[in-house]
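Okay, structure first, notes after.
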Amino acid sequence: VEASLEMLAALDRLNAQLQAEAETRGKTPIALRIGIGVNTGQCVVGNIGSEQRFDYSALGDAVNLASRLEGASKDLGVPLVIGRATAELVSDRIPLTPLREITVKGRGESTMVYAPAAVSVPVSTAAS
């Protein structure tokens, strides 16, 4: 989560630099955006494949959920979405805002998702 927050801060700095450069040239700046999904759980990590072709991968339900959280970041209007398992591990160090329960493709049950309090959350997204 801390690395994700650092990524967002670096992106803010880059966007400020790009905006300044665009304004200097009389151009319209285009802001870069990213979506990040963070989840915690068991997975299989390593080189997977045959002798002819190795692919370093991470596989498992926790990885799939992280990918789905990243995809949900756009719909939720926040750049960083955190799964429940990760939230439980970091909430004593990083203030979190509960967003809402979401159901992701490939999972039957819904899961509560969170964003760091440092990230701007649209009123329509925050849990009441």
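The values are calculated or read from the model by the stated rules, or taken from the named source; none is laboratory data. Here the structure is a predicted model, which means the values were calculated and not measured. Note: ideal-geometry Cβ built from the backbone for every residue, glycine included; neighbour counts use all protein chains shown.
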**OP:** Please state which of the following conditions residue 45 fails to meet, knowing it meets all the rest: (1) of a type in the set (A, V, I, L, M); (2) more than 18 Å from the chain's Cα centre (by Cα); (3) outside any strand (DSSP E or B).
**Re:** (3)
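Restricting to the range 73-89, count the residues that are surrounded by fewer than 18 Cβ atoms within 10 Å (Cβ to Cβ) and in contact (Cβ under 8 Å) with a residue 24 or more places away in the chain.
The total comes to 5.
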Original post:
Being surrounded by 13 or more Cβ atoms within 10 Å (Cβ to Cβ), at pLDDT 95 or above, in contact with a strand residue (DSSP E or B) (Cβ under 8 Å, 6 or more places away or on another chain) and under 14 Å from residue 113 (Cβ atoms), is that true of even one residue in the range 7-16?
Top reply: no
Original post:
Which condition does residue 106 not pass, out of (1) without any contact (Cβ under 8 Å) to a residue 40 or more places away in the chain; (2) surrounded by fewer than 13 Cβ atoms within 10 Å (Cβ to Cβ); (3) touching a helix residue (DSSP H, G or I) at 6+ places or on another chain (Cβ under 8 Å), if it passes all the others?
Top reply: (1)
Subject >> Among the candidates 3, 31, residue that is at pLDDT 95 or above and either assigned to a loop (DSSP other than H, G, I, E, B) or of a type outside the set (D, E, K, R) (or both) >> reply: 3
Original post:
Could you give every pair whose Cβ atoms fall below 6 Å, whose first residue belongs to the range 41-63 and is over 23 Å from residue 84 (Cα atoms), and whose second residue is hydroxyl-bearing (Ser, Thr, Tyr), counting only separations of at least 6 or pairs across chains?
Top reply: 47/56; 48/57
**OP:** Report whether or not residue 83 is within 30 Å of residue 19 (Cα to Cα), under 17 Å from the mean Cα position of the chain (by Cα) and among the small types (Gly, Ala, Ser).
**Re:** no
